[in-house]
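The values are calculated or read from the model by the stated rules, or taken from the named source; none is laboratory data. Note that the coordinates shown come from a computational prediction; the quantities given were computed from them, not determined experimentally. Using ideal geometry, Cβ is built from the backbone for each residue, glycine included, and neighbour counts are taken over all protein chains shown. Protein only, heavy atoms only, side chains kept; ligands, DNA and RNA dropped before computing areas. Shrake-Rupley method; radii C 1.70, N 1.55, O 1.52, S 1.80 Å.
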Protein chains: 2
Amino acid sequence: MEHTLSKSFNILENAHIDQPKGFIAGGIHAGLRKSKLDFGWIYSEVPASAAAVYTQNTFQAAPLEVTQEALKHSSQLQAVVVNSANANSYTGEQGYQDAIQMQQLTAEKMGIDPSLVAVSSTGVIGEMLPMDLIKGAIARIGESEAAADFEHAILTTDLKTKHIAVEVEIDGKPITIAGAAKGSGMIHPNMATMLSFITTDAKIEADSLQQGLRQTTDQSFNRITVDGDCSTNDMVLVLANGMQNNETLHPQHPEWHRFIEAWQFVSRELAKMIAKDGEGATKLIEVTVEGAKSEQGAAGMAKAVVGSSLVKTAIYGEDANWGRIISALGASGIPFDKHGLSLAIGPEQIIQDGELLSFYEPNCVKELVKDTVHLFISLKEGSEKATVWGCDLTYDYVQINASYRT
Amino acid sequence: MEHTLSKSFNILENAHIDQPKGFIAGGIHAGLRKSKLDFGWIYSEVPASAAAVYTQNTFQAAPLEVTQEALKHSSQLQAVVVNSANANSYTGEQGYQDAIQMQQLTAEKMGIDPSLVAVSSTGVIGEMLPMDLIKGAIARIGESEAAADFEHAILTTDLKTKHIAVEVEIDGKPITIAGAAKGSGMIHPNMATMLSFITTDAKIEADSLQQGLRQTTDQSFNRITVDGDCSTNDMVLVLANGMQNNETLHPQHPEWHRFIEAWQFVSRELAKMIAKDGEGATKLIEVTVEGAKSEQGAAGMAKAVVGSSLVKTAIYGEDANWGRIISALGASGIPFDKHGLSLAIGPEQIIQDGELLSFYEPNCVKELVKDTVHLFISLKEGSEKATVWGCDLTYDYVQINASYRT
């Protein structure tokens with residue numbers, strides 16, 4: 001079951017990844033990209049409990065291996081360094097050694113243990129990291145103390161930075177949870193299909209943090225799709241440095257659910273920003289399936305709709321071609337009774353209990369011209385539901401991806 | 001295992017669906033489309049053994065129900081009528097009655113039993129068949145006796161007609177197998193994702209025909225993908241009228257494999273024509289995976305590559321972005337040892353046994369500028385292999401599908 005947001009937290013206006021107490025972030029231009037920022041870091045004043053989830057792609061890039069090893073060492077991190085423009089993926093033993101060196105030099109520069117440093121890369125696959133540029137960048141860590149620079153430095157073909165922070169009172173302490181993300185291409189439901197960093201000043205053990213990360217990721221980053229592709233490099237990483245000195249949080253803590261709710265909101269808003277800023281996208285598409293036998297089934301059907309190239313192009317064309325939605329549901333591979341199906345585009349009901357209504361198409365078009373298009377699907381199979389997000393498929397997606405490296 | 005074509009058959013130049021003895025086909029403009037042909041028929045002088053495979057979409061359109069009932073009745077057909085522009089899908093009880101009427105009026109016009117008539121529709125989902133136009137068209141059956149008109153009448157956004165015929169000697173008789181198809185959008189692996197009609201003058205029982213259809217379809221129409229969508233209307237239908245009076249064919253017949261080989265060729269060439277004429281496509285992409293544990297696994301991995309939007313756009317851009325191929329393989333969900341992976345774009349080897357080679361990129365580009373682009377993937381898992389076909393993703397795909405109904 002999904003939780004309805006009761007908003008027992010406050011959204012902080014124009015807040016960044018460094019909003020929680022004790023975090024600093026920055027970014028610089030290291031020269032991997034022509035002129036845009038391309039190297040960033042996050043630093044916590046004290047070691048933080050940490051957890052991560054990783055791409056399910058068979059080819060996990062070298063930085064993911066190095067980060068996993070760091071987390072296995074102590075479940076603690078104090079810093080994260082990220083470069084864009086080069087994924088350090090499919091780079092063999094040399095790539096692994098480069099990621100290790102990136103971790104070690106950062107640790108030296110910061111005066112902390114290498115096992116407290118996570119590394120992350122995003123960009124082209126199969127090219128060696130330009131280590132001279134990386135080394136030069138590491139030497140300059142601290143030059144920027146603007147978290148917005150970090151948020152810019154992690155982007156690839158993204159058009160906008162993605163960041164958010166909320167405050168939630170736990171045990172009378174003002175706990176902050178913040179997040180920054182990059183997305184754009186290769187965004188697909190089966191986890192870890194983007195880079196996302198979450199920081200919080202809550203005190204929480206690593207095991208509980210890992211559990212919270214799985215739970216919040218499942219209903220946020222695992223619920224978006226841009227193009228059905230799934231990258232070799234993506235992960236969601238969370239650092240909780242405990243600097244608010246709250247009573248340690250865990251799933252049996254009376255305020256755990258409020259904490260998760262606030263975290264869920266952060267992750268979900270980042271996920272929606274990623275979908276909306278999908279390569280070439282002009283619209284966010286939100287698909288809800290309810291009345292399903294299982295939440296997983298509901299999510300699967302919703303993803304089939306939001307992942308259909310024909311639905312995506314129809315929505316780009318602001319064409320109420322509902323037949324494509326039906327067809328995508330039917331092709332989802334998830335069985336359901338078609339006589340119990342209802343469908344609405346925005347407020348306009350098109351199918352009710354399997355019967356096609358004589359709906360008023362201009363009302364659908366009113367929804368389709370919006371920045372966010374809502375599709376509602378209802379079944380008579382059970383009481384589970386899920387919402388997923390995606391974007392339309394446009395000329396610009398083709399343009400961006402036909403010439404990505406050139 | 002796939003069979004290597006030893007070509008124990010002859011390809012007949014410029015031959016159509018009416019090439020086998022005793023078949024007539026034609027098509028006219030019934031007024032469902034503005035000016036293009038939109039209504040076609042195939043007629044056999046005598047009742048023919050018949051078999052079909054259908055879309056796996058939950059929402060099977062009305063004409064498929066009616067055709068299935070006809071085949072259940074006697075496993076014989078003598079005629080097929082097809083309209084384009086309207087799919088008669090998601091049209092409820094009225095749509096079913098319309099398909100029945102289309103079948104019955106055709107039978108009356110031809111003077112045969114309604115159970116010998118298959119009906120088929122393709123086009124927009126959710127609009128009622130304009131029965132006045134359909135009735136008018138049925139009254140004009142026989143006006144055209146050009147099989148090329150049939151091949152035009154079944155098209156939607158296809159740019160070219162798709163037809164082929166081969167001759168294979170069985171028991172000293174010159175057996176002909178012919179096929180015509182339409183494809184374009186909504187073409188995806190899980191069968192029956194287009195309309196395809198196969199005719200032959202071989203004598204063969206319906207059970208054996210069904211078995212042959214499954215076998216040939218699995219390695220042809222089930223091996224192509226255009227956009228990952230799977231339609232509500234698609235089927236492959238085969239009619240064998242026995243007019244060559246050969247000894248009845250069946251799987252134990254000594255010449256069965258030669259017959260299947262010729263049929264396989266017809267189906268595979270049609271499938272490739274469909275992939276090549278995918279909406280907006282400029283190139284045919286052929287992906288072979290060998291050294292796999294199972295043929296199904298090999299096909300699954302090859303489909304993951306040819307179905308990846310990022311691979312498709314890179315090939316459109318003639319960009320040797322092999323990292324996207326690797327990423328698609330890794331995201332296929334099919335486990336394999338990455339140290340045994342080899343990859344070539346055309347003749348240029350890029351990865352050998354998991355090691356990235358210092359390949360010469362202009363040699364890749366030489367392959368990428370061709371009309372047909374070959375990707376070869378080799379594993380060290382087993383001895384099974386599969387080849388699949390797809391097409392590139394272009395501006396025109398978006399253009400066609402953003403404005404299909406307008």
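Looking at region A:82-182, which GluC sites (Glu not before Pro) are DSSP coil and have at most 11 other C-beta atoms within 10 Å of their C-beta?
Within region A:82-182, the qualifying GluC sites (Glu not before Pro) (loop, at most 11 other Cβ atoms within 10 Å) are A:Glu143.
For B:Thr91, which sequence-distant residues (separation of 5 or more, or a different chain) have an amide H within less than 5 Å of its own amide H, given hydrogens modelled in the peptide plane?
Here the answer is B:Ala62, since their amide H atoms fall under 5 Å of that of B:Thr91.
Which residue is it, in chain B, whose C-beta lies closest to the B-to-A rotation axis, and what is that distance in whole Å?
B:Tyr395, 3
Does any residue of region A:370-406 lose at least 20 Å² of accessible area with all protein chains in place compared with its chain alone, and if so which ones (probe 1.4 Å)?
Those residues are A:Leu393, A:Tyr395, A:Tyr397, A:Val398, A:Gln399, A:Asn401, A:Ala402, A:Tyr404, A:Arg405.
If you take every residue apart from A:Pro335 with its C-beta less than 14 Å away from the C-beta of A:Pro335, what net charge results, scoring Lys and Arg +1 and Asp and Glu -1?
Value of the local net charge: +1.
Which distances, in nm and shortest first, link the B:Gln215 label point to the same label point in every other copy, taking 7 Å along Cα→Cβ?
Values, ascending and in nm: 5.6.
In vacuo Debye scattering of region B:10-276, one point per C-alpha: log10 I(q)/I(0) at q = 0.09, 0.11, 0.16 Å⁻¹?
At q = 0.09, 0.11, 0.16 Å⁻¹ the computed log10 ratios are -0.34, -0.51, -1.16.
Can you run phi through the Karplus equation (6.51, -1.76, 1.60; θ = phi - 60°) for region B:61-70 and list ³J(HN,Hα) in whole Hz, with x for Gly and Pro?
For region B:61-70, the Karplus-derived couplings read 6, 3, x, 5, 4, 5, 5, 4, 5, 4 Hz, x marking Gly and Pro.
Report, to the nearest whole %, how much of the accessible area of chain A belongs to carbon and sulfur atoms, 1.4 Å probe, protein only.
Answer for chain A is 47 percent, counting heavy atoms of protein chains only.
Between helix A:295-306 and chain A, what is the angle of the helix's C-alpha long axis to the longest principal axis, kept within 0 to 90° and rounded to the nearest 10?
For helix A:295-306, the angle is close to 80 degrees.
Compute the helix-to-body angle for A:92-110: its Cα long axis versus the longest principal axis of chain A, expressed 0 to 90° and rounded to tens.
60 degrees
For chain B, give me the percentage of DSSP beta bridges that are antiparallel, rounded to the nearest 5 percent.
About 70 percent, rounded to the nearest 5.
Can you put A:Leu159, A:Leu116, A:Leu375 in order of accessible area, largest first, using a 1.4 Å probe?
A:Leu159, A:Leu116, A:Leu375
To the nearest 10 degrees, how steep is helix A:206-218 against the longest Cα principal axis of chain A, on a 0 to 90 scale?
Once rounded, one gets 30 degrees.
Looking at region B:55-92, which residues lose a minimum of 50 Å² of accessible area between their chain alone and all protein chains in place, measuring with a 1.4 Å probe and not counting ligands or nucleic acids?
Residues of region B:55-92 that lose at least 50 Å² of accessible area once the other chains are added: B:Thr58, B:Phe59, B:Tyr90.
Buried accessible area between B and A (1.4 Å probe, both chains summed, ligands and nucleic acids excluded), in Å² to the nearest 100?
Summed over both sides, the interface buries about 4300 Å².
With no solvent and one point on each alpha carbon, what is the Debye value of log10 I(q)/I(0) for region A:295-337 at q = 0.18, 0.22, 0.33 Å⁻¹?
-0.47, -0.66, -1.13
Rounded if a/c is under 1.5, else prolate if a/b beats b/c, else oblate: with a ≥ b ≥ c from the C-alpha gyration tensor eigenvalues square-rooted, which is the protein assembly as shown?
Since a/c reaches 1.5 and a/b is larger than b/c, the shape of the protein assembly as shown is classed as prolate.
Rounded, prolate or oblate: pick one for region A:284-402, where a ≥ b ≥ c are the square roots of the eigenvalues of its C-alpha gyration tensor, a/c under 1.5 means rounded, and failing that, prolate if a/b is larger than b/c, else oblate.
oblate
Out of all DSSP beta bridges in the protein assembly as shown, what portion is antiparallel? Express it as a percent rounded to 5.
Working: 106 of 152 bridges.
In the protein assembly as shown, DSSP labels about 70 percent of beta bridges as antiparallel.
Restricting attention to region B:1-62, which GluC sites (Glu not before Pro) occupy a DSSP loop and are surrounded by at most 11 other Cβ atoms within 10 Å? Display every interim value, and only then the final one.
Values: sites: B:Glu2, B:Glu13, B:Glu45; in loops: B:Glu2, B:Glu13.
Of the GluC sites (Glu not before Pro), the ones in loops of region B:1-62 whose Cβ has at most 11 other Cβ atoms within 10 Å are B:Glu13.
Can you give the extra length, in nm with one decimal, that the chain gains between B:Gln104 and B:Ala146 once fully stretched, where that is 0.36 nm per residue apart less the Cα-Cα distance? Please report the intermediate quantities before stating the final value.
On the way: separation 42, 0.36 × 42 = 15.12 nm, distance 2.34 nm.
This chain segment gains 12.8 nm when fully extended.
Ignoring ligands, DNA and RNA, what accessible area per residue does chain A give at 1.4 Å, in Å²?
35 Å²
Which percentage, to the nearest 5, of the DSSP beta bridges contained in region B:284-402 is antiparallel?
Bridges in region B:284-402 are about 70 percent antiparallel.
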